[in-house]
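Worksheet for the structure shown next.
The values are calculated or read from the model by the stated rules, or taken from the named source; none is laboratory data. What you see is a predicted model, and the numbers here were worked out from it, not measured in a lab. Note: ideal-geometry Cβ built from the backbone for every residue, glycine included; neighbour counts use all protein chains shown. We work out accessible area using only protein heavy atoms, side chains counted, and drop any ligands, DNA or RNA first. Shrake-Rupley method; radii C 1.70, N 1.55, O 1.52, S 1.80 Å.
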Amino acid sequence: MRLNGATAWITGAGRGIGRAIALRLAAEGATVGLTARSESELREVAEEVAKARGRAIVAPADVTMPEEVERAFRAVVDDAQRLDILVNNAGIGVFAPVTKLSLEDFDRMWSVNVRGVFLCTRLAVPIMEQQRSGTIVNISSLAGKNAFINGSGYAATKWALNGFTNCLRLEVRSSEVRVITVGPGSVATEFSSTTKDPAKLARILQPDDVASAVVAAISLPANAMMSEIDLRPTNP
Ligand code: NDP
């Protein structure tokens, strides 16, 4: 139990990668604050955490809405009056050629993938700076470094997220706060239903692989920061 006594806030925790990260952090002893829009999914994750004798706080919010984000943040930090880990994981992807990508989908991706991270981060940083400890993990993507067809809108948000994360790291490191970028390739979730072939699905990354990388980075001694993780399937 490497995270006993820690409080963690995970966005997009209702399914996929966020769910896996929440379950792993809870298994390591952290109290996990769970945020997403679908409260029913968050409740299912909280039940799984409770079954494993962990502690979860259900804190539904749309990460693009400042008042909802603030309410969720308060619910998570209320008990312990601390926040040790923020995982900015909520994200969406719409993949289409530039001429076919709607303005609405383009804006929605920016709202969740960039504005949402900004809104959660600006609440987490002051409390972490005051504690003089904390770790912020931003779930980016290999699409934030590599070009691919139909990815222009999504990739732009993840390149932007990487820029945001790199600047934030410089801002807060003197307060002993670590900022980590995790950039996975394709992960087998509802998000990337790129293949239905079971053999291929078994070879690509699983949500728990991303969770393992997050736990490994967080578990380093507080003076050591694994600032950037590129996570690929070994044999795609
Ligand atoms: P899923 O679609 O499986 O899960 C996304 C989660 O984010 C859900 O819990 C969803 O809940 C939540 N979410 C979406 N929009 C909002 C919002 N406006 N406010 C709050 N929560 C929201 O996606 P993945 O688990 O696959 O993806 C998680 C992250 O990993 C994303 O940032 C994605 O870009 C990144 N990623 C994914 C890869 C993949 O191949 N799957 C590869 C590389 C990176 P709800 O809809 O109820 O709000």
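Taken together, the residues in the stretch 21-49 that are of a type in the set (Gly, Ala, Ser) and either within 8 Å of the ligand (Cβ to nearest atom) or within 20 Å of Pro66 (Cα to Cα) (or both) amount to 3.
When the criteria are applied in full, Val98 meets the requirement of being surrounded by fewer than 18 Cβ atoms within 10 Å (Cβ to Cβ) and not hydroxyl-bearing (Ser, Thr, Tyr).
Taking the stated definitions as given, is Ile136 surrounded by 19 or more Cβ atoms within 10 Å (Cβ to Cβ) and either modelled with pLDDT of 95 or more or under 27 Å from Phe73 (Cβ atoms) (or both)? Don't jump to the end; show me each part of the working.
On the way: surrounded by 19 or more Cβ atoms within 10 Å (Cβ to Cβ): yes; either modelled with pLDDT of 95 or more or under 27 Å from Phe73 (Cβ atoms) (or both): yes.
Answer is yes for this residue.
If we scan the stretch 185-205, do we find a residue that is closer than 30 Å to Leu103 by Cα, more than 13 Å from the ligand (Cβ to nearest atom) and free of Cβ contacts under 8 Å to residues at least 40 places away in the same chain? Looking for residues that are closer than 30 Å to Leu103 by Cα, more than 13 Å from the ligand (Cβ to nearest atom) and free of Cβ contacts under 8 Å to residues at least 40 places away in the same chain, one finds at least one in the stretch 185-205, hence yes.
From the list Thr157, Thr165, Thr194, which one is in contact with a strand residue (DSSP E or B) (Cβ under 9 Å, 6 or more places away or on another chain) and either open to solvent by less than 30 Å² (accessible area, probe 1.4 Å) or at pLDDT below 95 (or both)? Don't jump to the end; show me each part of the working.
Values: Thr157 fails: in contact with a strand residue (DSSP E or B) (Cβ under 9 Å, 6 or more places away or on another chain); Thr194 fails: in contact with a strand residue (DSSP E or B) (Cβ under 9 Å, 6 or more places away or on another chain).
Matching residue, one of Thr157, Thr165, Thr194: Thr165.
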